[in-house]
Each structure stands twice: as structure tokens, then as C-alpha cells.
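Asker: Would you mind keeping the following structure in view while I ask a few things?
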């Protein structure tokens, strides 16, 4: 019986790490001026000066609502939400030295739920991140421009390599197994979601699927992405990219190859997570 309990906890640990990788690796990194390592580029690019896009309120969108997974009989009870960190991380270390190093070791489940909720809204959480950030610095290359034009930059390809281990950790996981573990331990996720007091939202499962859909809607940009820096933070020079939700703009930072791999695997995971069609549509405030 003890071995079965350890197996259950290990499965829980795997769920938390893999689920965090689904969304967490793309949502917590900003264009911070104190992180940027700027190098000169010989590229002779003369883009038009791009004004800052106007700030407009996002439109109210109808969010699909999905029926939450039904609880299944279990041989061993789930760990208590507030007492799960030490056991989960200990079991995870036995399974994967690499995986445990990606997780911030406090309030693992609650941080993950908070991050998914933000992603569903197109946002990225600033604090209480469920996984560690990739090693700095974020690198850009300065592009040559005319004297009367706004200085532009492009993301260095070296920057994309920082995300490789995160993408590899996720895409190595079997989508069917991940979905099964998600459904097995859904009650803990729903409990943490209920603590947030979001009465306008139906359930965490709907938030999870909608968060994945938000990421899947991110365009994959094959060519170099040009940045500008009108104030303190970097922005995308293309107004269409700058208007994307923050979570999608952060996905672009991973580079086209990593983004494609991540989206392809997320689509497979989503297929296994969906056990029926949306039950209704709901307008989010």
C-alpha cells in the first residue's frame, strides 16, 4: 500500500511539473531594460518610425464553458493542498532531477492555478511564478538605422536557446498520460481555484482549456522580429504584434521553432483533455 501511495504522489508531481511547463514557460518573462544585453549588428535595416499604439480597452469575449472531469474512485486519498509541497517535490526529485529544478518549491499547486487563470485572460503573472525563469540575460542586437529614425533592435537567436530545456521537458511527456493525471488530480486544482473567489468563472477546467486556446492562437513568426524601445521597456515594432495579448507576445520570445513544437504538443494535450463539447458560452467581465 505504501508503494501505491508513493506512486500516486509521484504521479501528482509529474502532473504539476508538466502542467506548469504547458503554460508557465511562456508567461513570466518581460522585456526588462536591466536584463537586455545589446550587441551591434551589421544588418542595414531602415524601418519606418513606429508610433506607440494607442491604449484601448480589450473587447469583452465569450468564453466557452466545459464540464469539469468527474471524480474517480481512488485507492489512496489525495494529499492536502496546503501540505503537498514537500512530498510532491521529494517524489519529483526521484523521478526527474531536471524537472524538480524547474519548479519554485513553495505553494506549487496554487501558483500554477494562478498562472493558468492569468493566461486565460491573456495576461502574465508578475509574482508568485510556478517555475523558475530561464538564465539571463535577454539578448538583443542593435540594428543600423538612419539618423532621423527610431533605433530598432532584433532578438538574438541565442535568446531562444534559453527555452530549449523547458520545451523539451514538455514535449517528451505523453499527452494521453498527462490528461489522465490531470483528471486524476483535478480536485486539488479546483480547490485552489475556488480559493481565488472568482465567482464569475465556472470552473478551473474551463479556464485551463481556454488558456491553452489563447496560447494556440499565437502567430508563429518565421522572420526576425524587430523591437523598439520608445521608453524603458522594449516593444514590438509591428503594431499588430504589439497589440497581441501579453501572454502571446511572451510566447514569441521563445523563437519560431520552440513555439511551433510547444503549440503542436499543446494541441495534442488539449485533444485528450476535452471529454465533451462546450456546454455553454459565457461572457467574461
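Asker: If we keep just the residues of the range 44-93 that are surrounded by 17 or more Cβ atoms within 10 Å (Cβ to Cβ) and assigned to a strand (DSSP E or B), which is modelled with the highest pLDDT?
Answerer: Taking the candidates together, the pick is 65.
Asker: Further question: Looking only at the range 143-163, filter to residues that are surrounded by fewer than 16 Cβ atoms within 10 Å (Cβ to Cβ) and either closer than 21 Å to residue 131 by Cβ or modelled with pLDDT of 85 or more (or both); which one of those is nearest to the chain's Cα centre (by Cα)?
Answerer: So the residue we want is 161.
Asker: Given the structure, is residue 153 closer than 21 Å to residue 241 by Cβ and not in a helix (DSSP H, G or I)? Explain how you work it out, then say what you get.
Answerer: Details: closer than 21 Å to residue 241 by Cβ: yes; not in a helix (DSSP H, G or I): yes.
Against the criterion (closer than 21 Å to residue 241 by Cβ and not in a helix (DSSP H, G or I)), residue 153 qualifies.
Asker: Against the conditions (1) closer than 30 Å to residue 226 by Cα; (2) modelled with pLDDT under 75; (3) buried (at least 18 other Cβ atoms within 10 Å of the Cβ), where does residue 117 fall short? Just the number, please.
Answerer: The number of the failed condition is (2).
Asker: In addition: So residue 166 ticks every box in (1) in contact with a helix residue (DSSP H, G or I) (Cβ under 9 Å, 6 or more places away or on another chain); (2) within 24 Å of residue 222 (Cβ to Cβ); (3) surrounded by fewer than 20 Cβ atoms within 10 Å (Cβ to Cβ); (4) touching a residue at least 24 places away in the same chain (Cβ under 8 Å) but one. Which box is left unticked?
Answerer: (3)
Asker: Restricting the first residue to the range 224-241 and requiring it to be at positive phi, which pairs with a second residue that is in a loop (DSSP other than H, G, I, E, B) and exposed (fewer than 13 other Cβ atoms within 10 Å of the Cβ) meet a Cβ separation below 6 Å and a spacing of at least six or different chains?
Answerer: Close Cβ pairs (under 6 Å, with a partner that is in a loop (DSSP other than H, G, I, E, B) and exposed (fewer than 13 other Cβ atoms within 10 Å of the Cβ)) do not exist here.
Asker: Do we find a residue being surrounded by fewer than 20 Cβ atoms within 10 Å (Cβ to Cβ) and either under 16 Å from residue 262 (Cα atoms) or in contact with a strand residue (DSSP E or B) (Cβ under 6 Å, 6 or more places away or on another chain) (or both) anywhere in the range 181-195?
Answerer: No; the residues of the range 181-195 include none that is surrounded by fewer than 20 Cβ atoms within 10 Å (Cβ to Cβ) and either under 16 Å from residue 262 (Cα atoms) or in contact with a strand residue (DSSP E or B) (Cβ under 6 Å, 6 or more places away or on another chain) (or both).
Asker: OK, next. Which of (1) modelled with pLDDT of 85 or more; (2) surrounded by fewer than 19 Cβ atoms within 10 Å (Cβ to Cβ) does residue 137 not meet, given it meets every other one?
Answerer: That leaves (1) as the condition not met.
Asker: Still on this structure, I have one more. Being at pLDDT 95 or above and in contact with a strand residue (DSSP E or B) (Cβ under 6 Å, 6 or more places away or on another chain) is the filter here; which residues of the range 207-232 pass it?
Answerer: 210
The values are calculated or read from the model by the stated rules, or taken from the named source; none is laboratory data. Keep in mind that what you see is a predicted model, and the values were worked out from it rather than measured. Here Cβ is always computed from backbone atoms with ideal geometry, including for glycine, and neighbour counts include all displayed protein chains.
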